[in-house]
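This report concerns only the one structure given below.
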Amino acid sequence: MKQQALAHFADIYLIAIAFFLFLSVFIGYIFWVYRKGSKKHYDYLSQLPLQEEKRT
Amino acid sequence: MSASNESNPGFVQVKYNDEIVRMFTLATIIWAAVAFLVGIIIALQMAVWQLNFNTSWLTFGRLRPLHTNAALFAFAGNAIFAGIYHSTQRLLKTRLYSDVLGKLHFWGWQFIIVLAAVTLPLGLSQGKEYAELEWPIDIAVVLIWVVFAINFFGTLLKRNEKHMYVSIWFYIATIITVALLYIVNAISLPISFFKSYIVFAGIQDALVQWWYGHNAVAFFLTTPFLGLMYYYMPKAANRPIFSYRLSVMHFWSLIFLYIWAGPHHLLNTALPEWLQTMGIVFSVMLWAPSWGGAVNGILTLRGSWNLLRTDPIIKFLVAAITFYAMGTFEGPLLSVKAVNSLGHYTDWIVGHVHLGTLGWNGFLTFAMVYYIAPRLWKTELYSKKLAEIHFWIGILGILFYYISMLAAGITQGLMWRAVDANGHLVYPDFVETVIRIVPLFFFRAIGGVLFMAGFVLLLFNVYKTIKQAPKDLADEIVQVKGVPVAVNHSERGHRRLEGMAAAFTILALIAILAGSIIEVVPTLSISKYVKTENKVEPFTPLELAGRNIYIKEGCFTCHSQMIRTIHSEELRYGAASTIEESMYDRPFQWGSKRTGPDLARLGKKYPDLWHYMHMENPRAVIKESIMPAYPWLISSKVDFGNLGKTISLFKKLGVPYSDKDVAGAITSAKTQALGIAARLKDQGVKEDVSDKKIVALIAYLQALGQKGEK
């Protein structure tokens, strides 16, 4: 079973499928990061380190 | 420790644990001194061979692992822990999960470092770079790492801030990936308390080792420090990161791509072609996220570049990120096969590494220390001026270091490959290529001394700062704007939040497992790559004893055992090494640096007496050699005690030894040793050395390259 799977390891179609899988995940999360209305959220996140603590 | 504040909605009261941060900060500084000092000593030993004082535990081969382990696990490790505990509590607006676990983490880690500092000079080594520590220490490292993980994830679960800032992401990726890498690369079987053998052999070991080794760079020296950068850069500049969106892309691309890049340490070797190509492709792709992150860090200063003139912390941070950019430019470049054929095994690689460690990790840590010290000791920094001077001396030191190593590496690389019109090597004697670069070793040492001098200023500055600190450093109660989970969320909501952190961790795990599995698993079914018709003889018991000495003395820190598939290399050393030839080698000894020549086919090249004289005093046979002398090999006795156990273990792991080999291991070793000693006597050695280390080592060296099909 394992040997059979390994025999296909250098299969160009598998490599192409993997490539498109990786690429689409990459493009997918670029779109996700720039999704509409996300600016407020990211602005909030980027301010997190700068929220100052108040001494009581 | 945190509670909602009724009178002040939207605020939570928190008491941070700052003591643990102070402890790790001090440990960082102390171990930095050790790491830098040992670095300078071994740098000088490269220039002046006499500096091992004919003493085993002061010799380069034993001190070099001490230097790398001190820099990596002691200096960078403590710095990471200080920064993570400092920033995580503040980003998650809660106190550390457990003070006790924090203390356990701290003292456990320091204890491990002390054990490493004792065992490595004694020569207790697994013979794998950055993974030299023997198995009991490996277990301790894993246990303490688990303590750290529990403390970190515990803090994550009791957080008062719903959202996890990008630094936290980098910390999570660090914790899970380092655990995975360290455990897999350390799977070994012990034969005694002080000696164990890795289960992987030859090419498998090489691949697992560099999957680990390169990702030690990625997930110990890069991702945690990027997390620190994303926290301390906005803090120091008092403005948010240039682009948060870019940091999200930076994170996912970086952790996904990095894990595949390991095979670029094995280019032009016997490693299968597809793995080499894969390593190159992913290394080159790393250019993008690395520079994305570097640009993101530096552009955070947009609109306040004036800080670069006035604030030493900003200076250190910007320089650190610039060195990160330079290092991550050079890395992919060196991963291109043609460039690698020139740079690999030379000092160029040493220069490249130090660009990263001194420039990126060192300077970022210094920035962090200058940031943390006045704040957590509740005072002002003693002297901004001294920090300023530290910066400039440090920069000068790095430049001296890097430029001299770049020049040395390229010079020697070109000399190794120089072939004249008749097809002969222009520099057939290896030592010719060494003499040429020795002056540069002095320049490198000057670079190290300068870097250390700058660091001494930090030491003094921090000491003075702490001196003027108030006596009472008790944790104070502060108010932070946050989302007190317990108040604003139903039980279901709370659990959902925990689920988010878990989901994130699982996604990150998938990202790093993808490359790991595709890269490592196929090679573990070794039968696919080894041609079984090429018979390889296993080492005899005496040769194995010699091999243990070779590893103990750290010979692999200066000598490779891998003749690459490069024409000039085959002219110099003989036919290219094959996978089969090292298939029983535990650990593999392909090496990563040639301060001396490759030894893959050393066997039978010189008579036994040559080796005897060479180990006693290398200058007796090679006039200009810079190798230190190893006189203790001739005076101290060889230990045959564990040979039976070793052979029996190897047999279980698939090395073709018979039961007779196991039973007769010690007798066989003694017989072979008597033979070599008798021959040495005939050739003029006066004393009887049949029970000394030297005979075992000679047996091993004479067997190198002799075991494969002729």
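The values are calculated or read from the model by the stated rules, or taken from the named source; none is laboratory data. Not measured: the values here are computed from a predicted model. Every residue, glycine as well, gets a Cβ built from its backbone with ideal geometry; the counts of neighbours run over all protein chains shown.
Would you mind finding the one in B:TYR85, B:TYR97 that is assigned to a loop (DSSP other than H, G, I, E, B), farther than 27 Å from B:MET615 by Cα and at pLDDT 95 or above?
Numbers: B:TYR85 fails: assigned to a loop (DSSP other than H, G, I, E, B).
Sole residue among the options that is assigned to a loop (DSSP other than H, G, I, E, B), farther than 27 Å from B:MET615 by Cα and at pLDDT 95 or above: B:TYR97.
Of all residues in the range A:1-50, those satisfying the criterion of being part of a loop (DSSP other than H, G, I, E, B), within 11 Å of chain B (Cβ to nearest Cβ) and at pLDDT 85 or above are A:TYR34, A:ARG35, A:SER38. Regarding the range B:263-285, can at least one residue be identified that is at positive phi and polar (S, T, N, Q)? Looking for residues that are at positive phi and polar (S, T, N, Q), one finds at least one in the range B:263-285, hence yes.
Return yes or no: is B:LEU122 among the hydrophobic types (A, V, I, L, M, F, W, C) and in a loop (DSSP other than H, G, I, E, B)? When the stated conditions are applied, B:LEU122 passes them.
Only one residue in B:ILE42, B:ILE20 is free of Cβ contacts under 8 Å to residues at least 40 places away in the same chain, more than 14 Å from chain A (Cβ to nearest Cβ) and assigned to a helix (DSSP H, G or I). Which one? Steps first, answer last, please.
On the way: B:ILE20 fails: free of Cβ contacts under 8 Å to residues at least 40 places away in the same chain.
B:ILE42 is the lone residue from the list that is free of Cβ contacts under 8 Å to residues at least 40 places away in the same chain, more than 14 Å from chain A (Cβ to nearest Cβ) and assigned to a helix (DSSP H, G or I).
Inside the range B:251-271, can you point out the residues that are away from every other protein chain (no Cβ under 11 Å) and part of a helix (DSSP H, G or I)?
Looking only at the range B:251-271, we keep the residues that are away from every other protein chain (no Cβ under 11 Å), and these are B:254-255, B:258-259, B:261-271.
Hits for the range B:251-271 are B:LEU254, B:ILE255, B:TYR258, B:GLY262, B:PRO263, B:HIS264, B:HIS265, B:LEU266.
Restricting the range B:204-248 to residues that are in a helix (DSSP H, G or I) and polar (S, T, N, Q) leaves a set whose member that is surrounded by the most Cβ atoms within 10 Å (Cβ to Cβ) is B:ASN215.
Considering B:TYR606, B:TYR700, the condition of being crowded, with 18+ Cβ neighbours inside 10 Å and among the hydroxyl-bearing types (Ser, Thr, Tyr) is satisfied by B:TYR700 alone.
Scoring B:TYR606 on the criteria (1) modelled with pLDDT of 95 or more; (2) among the hydroxyl-bearing types (Ser, Thr, Tyr); (3) under 30 Å from the mean Cα position of the chain (by Cα) leaves a single failure, condition (3). One residue stands out among those in the range B:318-342 that are touching a Leu at 6+ places or on another chain (Cβ under 6 Å) and small (Gly, Ala, Ser): the one that is surrounded by the fewest Cβ atoms within 10 Å (Cβ to Cβ), which is B:GLY327.
If you go through the range B:597-636, how many residues are assigned to a helix (DSSP H, G or I) and β-branched (Val, Ile, Thr)?
If we filter the range B:597-636 for residues that are assigned to a helix (DSSP H, G or I), which is where we start, we get B:608-616, B:618-620, B:632-635.
Remaining after also requiring β-branched (Val, Ile, Thr): B:634.
Looking only at that region, the number is 1.
The single condition among (1) of a type outside the set (A, V, I, L, M, F, W, C); (2) surrounded by 23 or more Cβ atoms within 10 Å (Cβ to Cβ); (3) facing another protein chain (nearest Cβ under 10 Å) that B:TYR345 does not meet is (3).
Within the range B:247-286, track down each residue that is of a type in the set (Gly, Ala, Ser) and within 26 Å of B:ILE506 (Cα to Cα). Those that are of a type in the set (Gly, Ala, Ser) and within 26 Å of B:ILE506 (Cα to Cα): B:SER247, B:SER253, B:ALA261, B:GLY262, B:GLY279, B:SER283. Just so you know, in the range B:442-483 the residues that are within 14 Å of chain A (Cβ to nearest Cβ) and in contact with a Gly (Cβ under 9 Å, 6 or more places away or on another chain) include one that is surrounded by the most Cβ atoms within 10 Å (Cβ to Cβ), and it is B:GLY482. Scanning the range B:123-136 for residues that are among the aliphatic types (A, V, I, L, M) and more than 16 Å from the chain's Cα centre (by Cα) turns up just one, B:LEU124.
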